[in-house]
Amino acid sequence: MKTMLTIMICILSFISCKRQENNTIEQKKDSSENALSELATVITQKSDKNISCDLVLEFLYEYEKNYDKIFERDFINYEGNYSVNFDNLKYYIDKTQLQKFCTQNYINNFRNVIVNIDAKLKAQPQNDGTIDGLESDYILHTQELEEVLNYIRDRKINCIEKTGNIVQVNFENIHSLIFRLDKDKIDSIELMIAN
């Protein structure tokens with residue numbers, strides 16, 4: 001009888017331990033699933049947030065890599081009186097991959113700037129000096145082009161997402177650009193002027 005009672009107590013203890021073990025395993029499983037879910041949420045939020053920086057950096061890396069090809073044909077004819085070569089302008093737009101990275105609004109604004117420069121060159125012929133509106137690189141907004149291209153090449157740039165559609169890119173030389181995005185494409189690029 002004592003043996004039977006002892007066996008019963010052992011069996012009940014064993015069952016009780018198993019239940020506690022199962023509850024602990026379930027709690028750990030739930031805790032692990034929650035942690036994984038939270039991690040997935042953070043990763044998703046982080047990658048959604050970095051999409052803008054990824055786009056801008058890819059654009060800058062491609063621009064630097066293809067810079068020599070882009071300017072194989074200058075869209076300004078500097079022989080005699082300066083003029084715009086619109087075939088070479090189309091070549092420039094194709095080689096900079098504006099269709100891939102930029103909105104149609106950005107491309108239209110760029111074309112309008114060049115059309116206005118052409119109209120001004122026709123109204124007031126120019127055959128020397130810098131052309132108003134083209135004093136610096138249109139995309140990088142700098143006259144220190146080689147230095148900025150080297151920063152891009154050497155990955156010495158920092159991208160910060162300011163809001164969902166504004167990205168700031170800082171170059172080591174304190175040169176900064178603001179990219180405004182629209183539907184995952186670049187809509188404008190501006191030089192950030194420090195106060």
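The values are calculated or read from the model by the stated rules, or taken from the named source; none is laboratory data. Because the structure is a prediction, the values reported are computed rather than measured. Heads up, the Cβs are rebuilt from the backbone with ideal geometry, glycines too, and the neighbour counts pull from every protein chain shown. Each accessible area value is taken on the protein alone, full model and side chains, heavy atoms only, with ligands, DNA and RNA left out. Shrake-Rupley method; radii C 1.70, N 1.55, O 1.52, S 1.80 Å.
Brief remarks follow.
- Residues located in region 134-177, provided they are basic (K, R) and farther than 16 Å from Y63 by Cα: K162
- Test set (1) modelled with pLDDT under 95; (2) farther than 30 Å from K122 by Cα; (3) among the aromatic types (F, W, Y) - F59 fails condition number: (1)
- Region 142-169, residues that are open to solvent by 30 Å² or more (accessible area, probe 1.4 Å) and over 17 Å from the mean Cα position of the chain (by Cα): Q143, E144, L145, E146, E147, N150
- The number of residues in region 51-77 that are among the basic types (K, R) and in a helix (DSSP H, G or I) comes to 2.
- Test: residue in region 132-140 that is among the polar types (S, T, N, Q), closer than 21 Å to Q97 by Cβ and in contact (Cβ under 8 Å) with a residue 40 or more places away in the chain: no
- The number of residues in region 96-133 that are in a helix (DSSP H, G or I) and either open to solvent by 80 Å² or more (accessible area, probe 1.4 Å) or over 20 Å from E58 (Cβ atoms) (or both) comes to 18.
- Total residues in region 170-195 satisfying the condition of being open to solvent by less than 30 Å² (accessible area, probe 1.4 Å), among the β-branched types (V, I, T) and over 20 Å from N108 (Cβ atoms): the figure is 0.
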